[in-house]
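Read the structure below first, then the notes.
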Amino acid sequence: MSDRNTLRIEGYAIVSEDGMLADAARVMPGAMIFDADQRFFEQGLDGVDVVVHGRHSQERQARSPLRRRIVLTRSVPAIAPHSSNPRAVLWNPSGALLEQVLAEMGLAGASVGVIGGAEAFDVFLNRFSVFYLTRAPGVWLPGGRPVFLEVPGRTPENVLAAHGLRPDAPAVLDAAQNLTVVAWRR
């Protein structure tokens, strides 16, 4: 079984200027979808062994159906098979450790990519090795779905810093659209 301190856990999120992942209806508006960010996101997920997300989060890349995944839910006591996806399991973090889920999947020591939503991200705030935070320039989603449960009371950057992560310099994804990503590292 993997060591809690050496397990690589990466987070990926693009957020609006006010720290939202989606609007109030849980929909990511088209204004938050950038080709450069989608390529960065897909490359990141191609580099992990398993993707973790809540039931409303998803990814829509060509290789999405091929990825192993863990879906966070309160509908099971601990770990259960996913009813419609043989490459996925359901996980209740209050009933089992991530290491137990990975071992059950035959993925002990696997690298993990977390893609949201807020409750999923919050489960890993003290464990992220790196969190890639992209801002959608000029997009505001008042009343939307936040990246972390503490947002909008705190900025996403303040939340990450409070959990021991420090920012690298911004990396340009698309200069013409002023789109950058910041890697926050432990």
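Worth a mention:
- Among Val76, Val52, Val112, residue whose mean-square fluctuation peaks in a GNM of the chain (springs only between Cα atoms under 10 Å): Val76
- Using only the C-alpha atoms, the convex hull of segment 82-178 corresponds to 162 Å³ per residue.
- For a label point 7 Å along the Cα-to-beta-carbon line of Gln177, residues of segment 110-150 with backbone N under 15 Å: 134-140
- Solvent exposure ordering (accessible area, 1.4 Å, most first) of Tyr132, Tyr12: Tyr132, Tyr12
- Accessible area per residue for the chain, computed on protein heavy atoms with a 1.4 Å probe, is 49 Å².
- List Thr155, Thr73, Thr134, ordered by accessible area with a 1.4 Å probe, largest first: Thr155, Thr73, Thr134
- The Cα-based radius of gyration and maximum Cα-Cα distance (Dmax) for the chain are 15.8, 48 Å.
- The orientation-averaged projected area of the convex hull spanned by the Cα atoms of segment 23-115 comes to 6.6 nm².
- The order of Leu97, Leu160 by accessible area, most exposed first and with a 1.4 Å probe, is Leu97, Leu160.
- Taking only protein heavy atoms and a 1.4 Å probe, the accessible area of the chain is 51% carbon and sulfur.
- Summary of packing: across the peptides 85-96, 166-177, 136-147, the per-residue average of other C-beta atoms within 10 Å ranks them, highest first, as 136-147, 85-96, 166-177.
- Of the beta bridges in the chain, as assigned by DSSP with both residues counted there, near 40 percent are antiparallel.
- Extended-chain gain in nm, criterion 0.36 nm per residue less alpha-carbon gap, Leu107 and Ala31: 23.7 nm
The values are calculated or read from the model by the stated rules, or taken from the named source; none is laboratory data. These numbers were taken from a predicted model, which means no experiment stands behind them. So basically every Cβ, Gly included, is an ideal-geometry build from the backbone, and we count neighbours across all protein chains shown. Note: areas computed on protein heavy atoms with side chains; ligands, DNA, RNA excluded. Shrake-Rupley method; radii C 1.70, N 1.55, O 1.52, S 1.80 Å.
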